[in-house]
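Following: one structure in structure tokens, then a few remarks.
The values are calculated or read from the model by the stated rules, or taken from the named source; none is laboratory data. Just so it is clear, the structure is predicted and the values come from calculations on it, not from any experiment. As a convention, Cβ positions derive from the backbone with ideal geometry for all residues, glycine included, and neighbour counts pool all protein chains shown. Accessible surface areas use protein heavy atoms only, side chains included; no ligands, DNA or RNA. Shrake-Rupley method; radii C 1.70, N 1.55, O 1.52, S 1.80 Å.
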Amino acid sequence: MNTINYTKQFIDNDDKKAVLNVLNSDYLTQGKYITEFENKLSKFFNSKYCTTVSSGTAGLHLVGKALGWSKNDYVVTTPITFVASSNSIEYSGARTILCDIEEKYNTIDPNKLEKIIKYSILKNKKIKAVIAVDYAGMLCDWEALKYLSNKYNIILINDNCHGLGSKFKNSNSYALNYAHVVIQSFHPAKNITTGEGGAVLTNSKMINDKVRSFRTHGVDYTKKRKYNWDYSIQNIGYNYRLTDIQSALGISQLKKISKFTKKRNKIAKYYDLKITNNLIKLPLTKKHVYNSYNLYPVKINFNASKYNKLVTYNLFKKNGISLQVHYKPIHFYEYYKKKYKFKRNAFPISEKFYQSVFSIPIYYKLQIKEQNKIVNLLNNII
Ligand SMILES: *Cc1c(COP(=O)(O)O)cnc(C)c1O
């Protein structure tokens, strides 16, 4: 029996041809497909600039570098995100501040965020940026976040790694209407894939110039060169480039984003309808939001159910279904626990969320038979 995973990429013949085409060409990296992929992404997000990078994590890292975060700075994110969001703060030596999520949509709570900002002003701590996550494909309250960003002069970063294909008021380029920077990942668990890969989108020339330079060892492309072989290094950067092989795959995958998102929505609608167990809370929808459904997180009341979380996980596993947990809260990881000494129950909604959440399978090729199996297990064994 094949295990059904919570996610799976979809690769077709066009994708394979696109990759083979690059393999048969003169440039495997630093050729024309990188630029073409960046142009396509810019168009999709209606952004002035796009710089592709080797992963979403690399993108987050470079944004911190570009914004000059250092050890006296504070950056906010939520406990319920992939650890790369907060790791990227730690890379720079800045300190991570966590802000709890709201219960309904599992995204950052703007009211709690404002309290944190006000408190930090009292304590003379400068909050430089907020990394907000469009968790599972559901949008944060971007209008409220933008209001706070303007009021307190804080940079907004949309960790949009789940959000490619989501829409707000019918627009899939909503993200840069609110955030100063948008981060994408093209890991196979995301909505399109290049194997590994990511992108930084922004309308700020300053941010993009810096990200671009840090992506390639710190080469400064804005300085005039006397000799063609020469280049200027003003800062130490990295090799965080995406290859042309990956970019060609990305271009081919991006063509399918609307098809992918439609299918994910179809599966989500089916789950919405068929999962009738009243111990289970389904992901909610929000006005004006079209969700990409990168994940379909269900919240199960294990206090009232026959089986606890572990037993339930194992029961699914025995039935060939591999559930996943997105996410264990950041402040539960040893590094963060030790460094920040968070109080018990410091983020009650996130902690309650973790006790109840499982991501059930949702991806392009998930068959109706498999969906039914998942629905039946949820309705009958819990
Ligand atoms: C996947 C993901 C990342 C990191 O992306 P990689 O490409 O795997 O480095 C960051 N944040 C969130 C919310 C993610 O889901």
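The calculated 222 nm mean residue ellipticity attributable to helices in the chain amounts to -12000 deg cm²/dmol, summing -39500 (n - 2.57) over DSSP H runs of n ≥ 4 and dividing by all residues. Taken about its Cα centre, the range 160-238 carries a charge dipole of about 240 debye when Lys and Arg each add +1 at the Cβ and Asp and Glu each add -1 at the Cβ. Considering all different alpha carbon pairs of the range 48-198, the Kirkwood hydrodynamic radius works out to 15.4 Å. Charge dipole of the range 179-223 (Cα centre as origin; +1 on each Lys and Arg Cβ, -1 on each Asp and Glu Cβ, all else neutral): 100 debye, rounded to the nearest 20.
Heavy-atom accessible area, probed at 1.4 angstrom with all protein chains present, ranks Glu334, Glu38 as Glu334, Glu38, highest first. Roughly how large, in nm² to one decimal, is the mean projection of the convex hull of the alpha-carbon atoms in the chain? So the mean shadow area of the Cα hull is 20.2 nm². Give, as a single signed number, the net charge of other residues whose beta carbon lies under 10 Å from the beta carbon of Gln9, with Lys and Arg counted +1 and Asp and Glu -1. Result for the local shell: +2. Ranked by the mean number of other Cβ atoms within 10 Å of their residues, highest first, the peptides 203-213, 153-163, 280-290 come out as 153-163, 203-213, 280-290.
Take every pair of alpha-carbon atoms less than 8 Å apart whose residues are at least six positions apart; their mean separation over the length of the chain yields a relative contact order of 23 percent. Take every DSSP beta bridge with both residues inside the chain and express the antiparallel ones as a percent of the total, to the nearest 5. Beta bridges within the chain, antiparallel portion: roughly 60 percent.
Considering all C-alpha pairs of the range 303-374, those separated by over 19 Å amount to 50%. Which residue, Gln371, Gln184, Gln234, has the most motion in a Gaussian network model of the chain that connects Cα atoms within less than 10 Å? The residue that fluctuates most here is Gln234.
Solvent exposure of Ser70, expressed as accessible area, is near 50 Å², computed with a probe of 1.4 Å over the protein chains only. Taking a ≥ b ≥ c as the square roots of the eigenvalues of the Cα gyration tensor, an a/c ratio of 1.5 or more together with a/b larger than b/c marks the range 178-264 as prolate.
Measure up Lys126/Lys287; Lys286/Lys338; Lys17/Lys287; Lys169/Lys365 against 32 Å on the Cα-Cα distance and list the ones that go over. The answer is Lys126/Lys287; Lys286/Lys338; Lys17/Lys287. Does the range 1-103 classify as rounded, prolate or oblate by the C-alpha gyration tensor (a ≥ b ≥ c root eigenvalues; a/c under 1.5 gives rounded; else a/b over b/c gives prolate, otherwise oblate)? Verdict is oblate for the range 1-103. Could you point to the residue in Asn345, Thr57, Thr222 farthest towards the positive end of the chain's charge dipole, with +1 and -1 charges on the Cβ of Lys/Arg and Asp/Glu respectively? Checking the options against the dipole of the chain, the answer is Asn345. Mean separation of Cα pairs under 8 Å and 6 or more residues apart, divided by the residue count, gives the range 63-173 a relative contact order of 24 percent. What you get for the chain, charging only the Cβ of Lys and Arg (+1) and of Asp and Glu (-1), is a dipole of about 580 debye around the Cα centre. The local environment of Ser305, defined by Cβ-Cβ distances under 13 Å, has a net charge of +4 under the rule Lys, Arg +1 and Asp, Glu -1. Taking a ≥ b ≥ c as the square roots of the eigenvalues of the alpha carbon gyration tensor, the range 110-231 is oblate, as a/c is not under 1.5 and a/b does not beat b/c.
Of all lysines in the structure, the ones whose alpha carbon falls short of 17 Å from that of Lys309, not counting any fewer than 8 places away in one chain, are Lys281, Lys299, Lys317, Lys318, Lys328, Lys352. Ranking Thr35, Pro79, Thr107 by how far each Cα lies toward the positive end of the dipole of the range 1-109 (charges on Cβ) leaves Thr35 at the top.
Other residues whose C-beta falls under 9 angstrom from the C-beta of Lys125 contribute a net charge of +2, scoring Lys and Arg +1 and Asp and Glu -1. Spatially, the range 9-30 and the range 299-322 are offset by 41 Å when compared through their Cα centroids.
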